[in-house]
1. Could you say which residue among GLU55, GLU106, GLU99 is acidic (Asp, Glu) and either in contact with a Cys (Cβ under 9 Å, 6 or more places away or on another chain) or within 30 Å of PHE166 (Cβ to Cβ) (or both)?
2. Just to confirm my filter: which helices (runs of 4 or more DSSP H) fall fully inside the range 1-82 and include at least 1 residues that are without any contact (Cβ under 8 Å) to a residue 40 or more places away in the chain and within 16 Å of the chain's Cα centre (by Cα)?
3. Any residue at all in the range 87-105 that is under 17 Å from TYR183 (Cα atoms) and either assigned to a helix (DSSP H, G or I) or within 12 Å of the ligand (Cβ to nearest atom) (or both)?
4. Can you work out which of the residues in the range 138-172 that are within 23 Å of VAL49 (Cβ to Cβ), more than 10 Å from the ligand (Cβ to nearest atom) and among the aliphatic types (A, V, I, L, M) is surrounded by the most Cβ atoms within 10 Å (Cβ to Cβ)?
5. Just checking, does the range 113-129 include any residue being at pLDDT below 95 and within 15 Å of the chain's Cα centre (by Cα)?
6. Please determine, by comparing only the residues of the range 56-66 that are buried (at least 16 other Cβ atoms within 10 Å of the Cβ) and out of contact with any Pro (no Cβ under 9 Å at 6 or more places or on another chain), which one is farthest from ASN28 (Cα to Cα).
Amino acid sequence: MTEEPDKPKHRNKVRERADAIKPYLCKNLIAVLENPHDIKNIGTVIRNVNALGVEKAYVVDPKGALPDDWQDMRERNSLSKTSVSAIKWSFVKRFDSTEACLAHLEENRFVSIVTSPHVKGMKNEVLDEADYTIYTKLAVWFGNEAKGISDEAVKRSEMCVSIPMFGMIESLNLGTTSGIVLYEITKQRREYQKKYKWRNKRGEKSDA
Ligand SMILES: C[S@@+](CC[C@H](N)C(=O)[O-])C[C@H]1O[C@@H](n2cnc3c(N)ncnc32)[C@H](O)[C@@H]1O
């Protein structure tokens, strides 16, 4: 048998999967990577973004390591490999600076929160003790591997979230952190989305 007849079958399966996961996508949730150094970490975060149903990923990329256009990113081998092709399915946008990214988010009425193993800014919360459903549009920032999150991002964020550390080392790596943080946030927001839809279907007043 030639490969041709299998192609539409494969396309149908992909379409079926895409339709099946649609209701679980967390709309208006963006993961922001601020000045990541390692392409493998970018790929891992994009993989987590896709796997956990985060709507988009933004990358603050002052060194211009990524192409401007998402289509070009999808064709970049290094990103496709490290994200195990998740880049093909999750929208990624790059920014030249933290300021440009914050301005874009604020213009679109997104509230930012930062993550750090340290106490930063005015309001600090332990990851699983905070409520991530109170902001309709939420951007979650992850900092650089060595320098962490910038003061600029902290200043323009509502709070700083941390995963408690009980070992001798100072921090978790970017890929691990994004997996843990985005798991908690998407879990809360999916539960909320489900509850809101359930109420709406019955024509009752929602608390959104
Ligand atoms: C390798 S860490 C950076 C360590 C850096 N020395 C610092 O001061 O933050 C990279 C990023 O992962 C996230 N991160 C690492 N450990 C974390 C933790 N325990 N809680 C929350 N975020 C963490 C933060 O976004 C951090 O900027």
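The values are calculated or read from the model by the stated rules, or taken from the named source; none is laboratory data. Predicted model, so just to flag it, every value in this text is computed and none were measured. Because the Cβ atoms are built from the backbone with ideal geometry, glycine has one as well, and the counts that use them run over all protein chains shown.
1. Numbers: GLU106 fails: either in contact with a Cys (Cβ under 9 Å, 6 or more places away or on another chain) or within 30 Å of PHE166 (Cβ to Cβ) (or both); GLU99 fails: either in contact with a Cys (Cβ under 9 Å, 6 or more places away or on another chain) or within 30 Å of PHE166 (Cβ to Cβ) (or both).
Among GLU55, GLU106, GLU99, only GLU55 is acidic (Asp, Glu) and either in contact with a Cys (Cβ under 9 Å, 6 or more places away or on another chain) or within 30 Å of PHE166 (Cβ to Cβ) (or both).
2. Numbers: elements: 6-21, 39-52, 70-75, 77-82.
Qualifying helices (runs of 4 or more DSSP H): 39-52, 70-75.
3. Kept after step one, since they are under 17 Å from TYR183 (Cα atoms), are these residues of the range 87-105: 90.
Filter once more, so that each one left must be either assigned to a helix (DSSP H, G or I) or within 12 Å of the ligand (Cβ to nearest atom) (or both): none.
No.
4. ALA139
5. Within the range 113-129, none of the residues are at pLDDT below 95 and within 15 Å of the chain's Cα centre (by Cα).
6. Ranking the qualifying residues of the range 56-66, first place goes to LEU66.
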